[in-house]
Amino acid sequence: MQLAPYAAQQSSSRGRRFAEESPQYRSDYQRDRDRIIHSSAFRRLEYKTQVFVNHEGDMFRTRLTHSIEVAQLSRSIARILELNEDLSETIALAHDLGHTPFGHAGQDALNACMKDYGGFEHNLQSLRTVDKLEQSYADFIGLNLTFESREGILKHCSIKNARQLGDVGERFLNKKQASLEAQTVNLADEIAYNNHDVDDGLRSGLIDIEQLLEIRLFKEQFDVVSKQYPDLKDRRRIHEIIRRMINRQVVDLIDTTRTNLGKALPDSIDSVRNHTSELAHFSPEMQEMNLQLKRFLRTQMYAHYRVHRMSAKAAHIIQQLFNAFLNDPKLLNPKYQQIVSQKEQKNAELGKARAVADYIAGMTDRYAIAEYEKIFNPAELT
Ligand code: MG
């Protein structure tokens, strides 16, 4: 792997919280990736959704397939920019580990439940998952990932939370940047979800091609495909358009970032971190086009009444479960009762609420629905 001077290098890594010897045949970033793939939070991504609820259909994206798409895009970008591909892959696979069941609706509902207890933020929860909640190793709690992986997972964070996070929180207090691997994964995430939401939106019938012709990013590639394949229909036509949209965005990101790097000439990961602003960017034209697409998805798809019905139901399930467990922790599985009572000893209500939030955030869509049934449906056997 050819690495640019500004890439993350194992030799200049800020290391792990608990010192470990490097693996024999893998890099430390490969080890991080492998620990994520073998974690239980990663497996649960299969049954968590972004826009659609898991049982709505087998054809839609889940958090797992989304994370794999982000990893694929991130690795391509990293290879061309001579960044550390292993680190990019690690960050991409871990970036959504802290997501609640039921996508955005679940996150908003849990955040509202946690209003008086420090709030809930999925990004911070992804870090919490790898730092604390995964417990499989004898010598440490969490996955004991390298600083660079943890830095990348923590995409954003409030100043209040940053103060409590130690090393990974510092950049938010000092207005510094994350590595280029982290910056490019963040944008790859955006490319992935904007495009697959168009695809899933069309597939589900929530949006149609007529509407999308108003969107420049779509229209440009629609025209290219229509000219080249005038008779192409349905799924194949949509796929040909979307793959071109993705490619257009990835190429724009690579070209713009390369130009920025040519001007800034960072000679190490620290000079990337110390730069006044992020170096990975879309061109202003692409930013504008992305914004138009995002606005469209927000108003036409995420706010569609069918999505809203599911979101309202999801919010109800999360609220009810949260209140029930907080008011009566004995309803919890005994393993979690123990965690709740351990937390209670330190800081009564706060600790209890956080333990309940951790439990709910870790649920898959179907598990949350099943728990709800078991607790609130008198006909359901527990
Ligand atoms: Mg994501």
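Extension gain, T259 to F147: 0.36 nm times the residue separation minus the Cα-Cα distance gives 37.5 nm. Roughly how many Å is it from the Cα centre of the range 247-301 to that of the range 134-179, as a whole number? About 23 Å separates the Cα centre of the range 247-301 from the one of the range 134-179. Once you've got the GNM for the chain with C-alpha springs shorter than 10 Å, pick whichever of V340, V356, V225 has the biggest mean-square fluctuation. Fluctuation is largest for V225.
Once both labels are positioned 7 Å from their Cα atoms along Cα-to-Cβ, the gap between S12 and T65 label points is 4.0 nm. Would you mind telling me which residue in A312, A361, A178 has the biggest mean-square fluctuation in a Gaussian network model of the chain, where springs connect alpha carbons within a distance under 10 angstrom? Result: A312 has the largest fluctuation of those listed. Computed on the chain, the Cα convex hull volume stands at 154 Å³ per residue.
Is the range 219-323 rounded, prolate or oblate when judged by the Cα gyration tensor, a ≥ b ≥ c being the square roots of its eigenvalues, rounded requiring a/c under 1.5 and prolate requiring a/b larger than b/c?
oblate
Within the accessible area of the chain, the carbon and sulfur atoms contribute 49%, probe 1.4 Å, all protein chains present. For the residue pairs K176/K263; K155/K294; K313/K374; K219/K294; K48/K233; K115/K160, alpha carbon separations beyond 21 Å are given by K48/K233. Mind telling me which of S277, S149, S11 comes out most flexible in a GNM of the chain, alpha-carbon contacts under 10 Å? With Cα springs under 10 Å in the chain, the top fluctuation among S277, S149, S11 is at S11.
Net charge dipole, the range 196-304: roughly 160 debye, given to the nearest 20, about the Cα centre with Cβ charges of +1 for Lys and Arg and -1 for Asp and Glu. Adding -39500 (n - 2.57) for every DSSP H run of four residues or longer, then dividing by how many residues the chain holds, sets the calculated 222 nm ellipticity at -19500 deg cm²/dmol. The shape of the range 307-376 comes out prolate: with a ≥ b ≥ c from the C-alpha gyration tensor, a/c is at least 1.5 and a/b beats b/c.
Per residue, the accessible area of the range 25-306 comes to 44 Å², computed with a 1.4 Å probe over protein heavy atoms only. With unit charges on the beta carbons (Lys and Arg positive, Asp and Glu negative) and the dipole taken about the Cα centre of the range 25-306, which residue among Y47, A303, P284 sits farthest to the positive side? Value computed over the given set: A303. Stokes-Einstein diffusion for the range 110-185 at 20 °C, viscosity 1.002 mPa s, with a Kirkwood radius from C-alpha pairs, works out to 161 µm²/s. Rg and Dmax, both from the Cα atoms of the range 254-382 and both in Å, are 23.2, 67.
Multiplying the residue separation of H156 and Q292 by 0.36 nm and removing their Cα-Cα distance gives an extension gain of 46.7 nm. Once the 1.4 Å probe is applied to the protein heavy atoms, the range 307-376 comes out at 53 Å² accessible per residue. Counted residue by residue at 0.36 nm each, then reduced by the alpha carbon distance between them, the extension gain from S40 to F376 reaches 118.2 nm.
The values are calculated or read from the model by the stated rules, or taken from the named source; none is laboratory data. Predicted model, so just to flag it, every value in this text is computed and none were measured. Every residue, glycine among them, receives a Cβ derived from its backbone with ideal geometry; neighbour counts consider all protein chains shown. All accessible areas refer to the heavy atoms of the entire protein, side chains included, with ligands and DNA or RNA removed. Shrake-Rupley method; radii C 1.70, N 1.55, O 1.52, S 1.80 Å.
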